[in-house]
Amino acid sequence: MTVPAPGLALIKEFEGCRLTAYPDPLSGGKPYTCGWGSTRKKDGSPFVLGEKITQDYADDLLVEECEKHFLPALKKIPHWAEMSPEQQGAILSFAYNLGAGFVGDYGNFTSINKALESKAAWKDVPAALYKYRNPGTPVEAGLARRRTAEGNAWKKGMGASPAPATTSNTTEVSKMSKVLINFFKFYDENNANHVAAVALLEAAIPEHLMEDSPWVVTYRGGNANGGKPDLHAFFEHFSERNACHVKAVGQLEEAMAKTDPECLVDDGAGGATDAAWIEKYRAKPPIPPVLAVPYFNQVDNYRDAHRTCNSSSCAMCLEFLKPGTLKGEKGDDAYVQKVFAVGDTTDHAVQTKVLASYGVKSHFSYNLGFADLDKSLAAGKPCVIGILHRGPISAPTGGHMVVVIGKKGDGYVINDPYGSCNDGYTGPVTNGKGTIYSKAMLKARWCPGGNDGWGRIFD
């Protein structure tokens, strides 16, 4: 059974690959995961913690899993055999992310199934894919990028839009844009100043924000039926490797030069002569304060002190969000007791349920990155994250939950309920209160793939 190469490319683009087996994010132990998210080797045996594989083995295992666990279900989709490799690849990537069980599930996946059931509806597939991005959650931006890439692959397979360039469009960029390209290219949705700047620009150029504006149609690959554009979304998803995007920004700039030339004033050095939105865009983003999250250690918990880091971490956040709920230095004991009354401390679903019983809404994710931490802190809320707290930074092991409460320099301020990872947990447990873990350390121990960090976000 041939696995469509465009699908493998999409999976590898958005899934992290780790060549050393690591604990399951949910259990903190088995099943151990390796490669492109596999829990079993080619012979069907489970991975052992710390077991290493080669990149070739990981790639071969990915192909084998697609052949055995995904393609049989996908082949049941009407007209599957008539799809191009790009179309099949888009759906394979979608299935790898959300499970092949979506096929025929008209309860949870109505939109995509209806779009796939007849060739006449295939034009609706990109829009249907984009619906499955968890709107309003911290993972929306990452999923939106993946759904957009899958939609572009589908359209390419239908011949509906040009293929994105495989190399940087530096020459084209320099020809087509003098100001806007760099603002689009370096936009950061988690930078409050960038968001505010785009809002200023949007207010200044309403005549260019119509669904049939030439640059909007170009940006959307010739689609003039996408509704009134949200300029924030155009900034957020811009890619200098997408020829349509590059051309569209050039068209926008040419139109603005005629109708709103003051919006393009940029002396390159910053200052009062710049357009208001440009000045705002370049201002340094505010640094959120270190949150006054109370500290509970796990070593004095009334039971299972060695494995209740998740509960003590969630208890710290609960007391911060609802002060007075948990009283005293051992206030987390009351929370731990409630957790064990429902289930086990390592079960993230149990933690979600117990927090909800206190009136605190949250969700656990396995696809977080530093941008998600920054966004949460900027909103005045801590995060609970899972780190590999044992072993050297070059080959970390273990499974441990800590609380992110702020930023300092290039590091993050942490309440670690077990002490400090910086001293290998050999010092007093209070060393874990307000300790600073460098971004480099967290990169290795929390999200080595870039957006594969697991943790709890408070809604």
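Brief remarks follow.
- Criterion: modelled with pLDDT of 85 or more and on the phi > 0 side of the Ramachandran plot - qualifying residue of GLY221, GLY250: GLY221
- Counted as qualifying within the range 392-459 are the strands (runs of 3 or more DSSP E) with 3 or more residues that are under 18 Å from PHE364 (Cα atoms) and either outside the structural domain of PHE320 (by TED's automatic domain parsing) or not polar (S, T, N, Q) (or both), namely 400-408, 453-458.
- Residue count, the range 420-439 (criterion: of a type in the set (Gly, Ala, Ser) and in contact (Cβ under 8 Å) with a residue 40 or more places away in the chain): 2
- Restricting attention to the range 295-324, the residues being more than 15 Å from HIS400 (Cβ to Cβ), of a type in the set (Phe, Trp, Tyr) and crowded, with 19+ Cβ neighbours inside 10 Å number 2.
- Top-ranked residue of the range 6-58 - restricted to ones that are of a type in the set (Phe, Trp, Tyr) and touching a Ser or Thr at 6+ places or on another chain (Cβ under 8 Å), ranked as nearest to LEU368 (Cα to Cα): PHE14
- Every residue from the range 407-421 that is surrounded by 17 or more Cβ atoms within 10 Å (Cβ to Cβ) and either at positive phi or not small (Gly, Ala, Ser) (or both): LYS407, TYR412, VAL413, ILE414, ASN415, ASP416, PRO417, TYR418, GLY419, CYS421
- The residue of the range 191-213 that is surrounded by the most Cβ atoms within 10 Å (Cβ to Cβ), among those that are charged (D, E, K, R) and assigned to a helix (DSSP H, G or I), is GLU202.
- Summed over the range 214-252, the residues that are more than 21 Å from GLY151 (Cβ to Cβ) and either buried (at least 20 other Cβ atoms within 10 Å of the Cβ) or among the polar types (S, T, N, Q) (or both) give a count of 3.
- Subset of the range 142-177 that is in contact with an Asp or Glu (Cβ under 7 Å, 6 or more places away or on another chain) and assigned to a loop (DSSP other than H, G, I, E, B) - its residue that is modelled with the highest pLDDT: SER177
- Residues of the range 388-399 satisfying the condition of being within 14 Å of MET441 (Cα to Cα) and surrounded by 17 or more Cβ atoms within 10 Å (Cβ to Cβ): LEU388, HIS389, PRO396
- Going through (1) modelled with pLDDT of 50 or more; (2) among the aliphatic types (A, V, I, L, M); (3) within 27 Å of GLY7 (Cα to Cα) one by one, LEU180 falls short only on (3).
The values are calculated or read from the model by the stated rules, or taken from the named source; none is laboratory data. As the structure is a computational prediction, the values presented were derived from the model and not from experiment. Because the Cβ atoms are built from the backbone with ideal geometry, glycine has one as well, and the counts that use them run over all protein chains shown.
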